[in-house]
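See structure below.
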Amino acid sequence: MKNSVTAFLLALSLGGFAHAAEPAKAPSVQQAPSAVTASAQQSTPPAAAMVVPAGAAKSAAPAKVKTNKAITLSMFALIILSTLGVVVWAAKKTQTAADYYTAGGGISGLQNGWAITGDVVSAASFLGMSGLISLYGIDGFMYSTGPILGFVTILLLMAEPLRNAGKYTMGDILCFRASAKPVRAAAAISTVAVSTFYLLAQMVGAGKLMQLLLDIPYKAAVIGVGTLLIVYVVFGGMKATTWVQIIKAALLLTAAVLLSLLVAIKSGMNPLRFFADVVNNAAIQDHVRMGVLKHPLPEAGLDYGKRFLQPGLFLKNPLDQVSLGLAWVLGAAGLPHIMMRFFTVPNAREARKSIRIAVFLMGAFFILTTFLGFGAAIHITPQKIAAMDKGGNMATLLLAQVMGGGEGSIGGDLFLAFVCAVAFATILAVVSGLVLACSAAIAHDIYVNIIKDGKANQREQVVTARVTSLVVGALAIWMGIAAEKENIVALVALAFAVAASGNFPVIILSLFWRKFNTAGIVSGIVVGTIAAIGLVLVSPNMTYPKKIAADARKIVDTLEKKQAAGEALAEKDQKALEKARTDYAKNKDGKSIMGLDAPLFPLKNPGIVSIPLGFLAAIIGCLAFRDRRAEDMFDEIYVRQNTGIGIANAIDH
Amino acid sequence: MAETQCNWSEIAKSPLFVELHRKKIVFLYGWWAFSAGCYFLLLLGAGYTPGLFGIEVIGNINVGYLFALAQFVITFGIAIHYGRVADRDFDRLTRELVEQIK
């Protein structure tokens, strides 16, 4: 059997942050557990983090981060060249299917720990989380605790059994004592679904970020990122992907540590003074009062600076938070690209070590977001950050520029370029891992094991894997371009929700429940996946034209009333009125994708409903169709996953 | 090991395996439940007791920030503790078991 890994990381990668780009809304961020950022607000779960400069993309002439092109491009070139060097080296060593999917199990625990960190901490985490903190204070930090929790689940419950029971994919683990074809098909479909949603969110975020940083068209940005990722994955396989992730993680932590140090130095290396600087900052107080709470007149007795350090500015619905929290805690363990990382180490002990290392690295990073986020709020001001991008995604970049010496200074340009390059490396590393996991499911589960009945020689398997990666990469580019206007938040929510509801229950039951069998696996995956997707489709994540129309109507009414009262409208108001009228006309009869006027499901995160449904379906399906053989084989998988006996041959089963 | 014809159910019933298994389940699920419990307390606390979270403990640093930070500390603690226990107990038992089977 093989196995797969899942990855939760995504979450970490968390980040995803996307924000929703609807005009009338506040920035919604998204949250992805995985990626880091996730959606916080209401978020979507984890994952992917994307950075979506929605605000910037939308408003006509938003303020922009001014990069020094020459320096920025040379930094990008440096990263591209060094990672391509890794690919050339890795390609030579990739001969067999095991080399391609798992680097032959030859990655050490230490290396894998760094690579997992690189896989999980996405641009969303890097840019999105600190952005959230800079705009919403402590709520942003609450958000960054989510991704790490998913790793506790992985560390304690998943990593070692998966390493011992698996080979390349999730299908390998699940079909150990179940009938192979239906289980592989179901596992492959959910893997592809999770990876696609996540990948799409990353591609769109990457396109928007590169567009903003390099001032190139969105399409060019997506094609550029996509081409590089294809080169990495097709030629270098897991080995190259791993090293790209390691390099990225090292760069990311370097950038975070440097920035945090500079911020800390400004506050005299004294945490108490740092927090006092936040509370006493006039711009922050003003932002909380006017920008967030919208109190035209200060409320007596309310300290707006202290309010910034209290919860509730961003995360408003506790139930949605708990639902998101569930997705963080369980979803990471169901992410195929994270799962796959456990198969790259030689044994359970190294798998354990790699997760422990990843936990420390990611934890350190997320703790540092305190300095990045609050530092940006102090030194840039939330107003400026929000003016660049409503979701705050530019906060880290602006902070780098200011800490380096300010706009136009050599130090500022250099530091900004460095941080941009780190964001770029981050995106590449995360998408490469996703494409590899997705291709493994298609090439290994569907082609080799279902179509060819497992009868394919090494050469054929590697060729199939490479061709599949090429196709998946090309599709990612195509979909990334097509999805430019898609709601990233919803995509990340979907990825995490499907991972937690469809994948997590069946994996955990396969590993720990004697009676579990084929029927349970298939019904668990199918019901969990459909429930998660279905609930997101009717959730507030989607766009509801009637809601937009109603908001536009309000603006029209207010402004018309003003006009009727004989007041002349300022030019800005005139424009707003025209825009609101068009929006109203365009949206008044519209319906959401599902043909709804308003969300049927009140939460942005479906986990609280879809995860129990996934478990329930798996249990009912399994009890309805008992399978003696599966029960008899439980001892075998149970002994194996605990001891690692027969690990090398596990697949032949 | 010749993976071949191990008698899996016999191994599963052997005292050594039963001991290993019981120890692991108690330890792993116990700590997992603890960490998840703390995390959901943080989420619920932020939602339902913002007043408590706003109480300043040291300077302007409040309960909410410290509690969020504590999630990381708890996670680090579990990672360290688990590493030690696994290296010391679980791996040793596993090794003995594998020896015995051979």
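The values are calculated or read from the model by the stated rules, or taken from the named source; none is laboratory data. No experiment lies behind these values; they were computed from the predicted model shown. Please note: Cβ atoms are built from the backbone with ideal geometry, for glycine as well, and neighbour counts cover all protein chains shown. Areas reflect the complete protein model, heavy atoms only, side chains present, ligands, DNA and RNA absent. Shrake-Rupley method; radii C 1.70, N 1.55, O 1.52, S 1.80 Å.
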Total residues in segment B:71-90, condition at the interface with another protein chain (Cβ under 9 Å from one of its Cβ atoms) and open to solvent by less than 30 Å² (accessible area, probe 1.4 Å)
9
Quick one: A:Ala565 ticks every box in (1) open to solvent by 70 Å² or more (accessible area, probe 1.4 Å); (2) in contact with a helix residue (DSSP H, G or I) (Cβ under 9 Å, 6 or more places away or on another chain) bar one, so which box is it?
(2)
Condition broken by A:Gly325, with the remaining ones in (1) of a type outside the set (D, E, K, R); (2) closer than 30 Å to A:Ala441 by Cα; (3) open to solvent by 40 Å² or more (accessible area, probe 1.4 Å); (4) within 8 Å of another protein chain (Cβ to nearest Cβ) satisfied:
(3)
Within segment A:541-554, identify whether any single residue is outside any helix (DSSP H, G or I), within 24 Å of A:Leu434 (Cβ to Cβ) and of a type in the set (A, V, I, L, M, F, W, C), and answer yes or no.
yes
Considering segment A:174-199, residues that are of a type in the set (S, T, N, Q) and modelled with pLDDT of 85 or more, and then whichever is farthest from the chain's Cα centre (by Cα), we arrive at A:Ser190
Give me the residue from segment B:44-55 that is out of contact with any Pro (no Cβ under 7 Å at 6 or more places or on another chain) and crowded, with 18+ Cβ neighbours inside 10 Å and, out of that set, farthest from the other protein chains (Cβ to nearest Cβ).
B:Gly45
Within segment A:595-607, the residues that are over 25 Å from the mean Cα position of the chain (by Cα) and either of a type in the set (Phe, Trp, Tyr) or within 14 Å of A:Lys547 (Cβ to Cβ) (or both) are A:Leu596, A:Asp597, A:Ala598, A:Leu600
Which count do you get for residues in segment A:492-540 that are in a loop (DSSP other than H, G, I, E, B) and either of a type in the set (A, V, I, L, M) or open to solvent by 20 Å² or more (accessible area, probe 1.4 Å) (or both)?
5
Within segment B:91-102, which residues are touching a Lys or Arg at 6+ places or on another chain (Cβ under 9 Å), touching a residue at least 60 places away in the same chain (Cβ under 8 Å) and within 7 Å of chain A (Cβ to nearest Cβ)?
none
For segment A:51-65, indicate whether the set of residues that are modelled with pLDDT of 50 or more and in contact with a Leu (Cβ under 9 Å, 6 or more places away or on another chain) is non-empty.
yes
Within segment A:573-589, is even one residue within 14 Å of chain B (Cβ to nearest Cβ), in contact with a helix residue (DSSP H, G or I) (Cβ under 7 Å, 6 or more places away or on another chain), free of Cβ contacts under 8 Å to residues at least 24 places away in the same chain and open to solvent by less than 70 Å² (accessible area, probe 1.4 Å)?
no
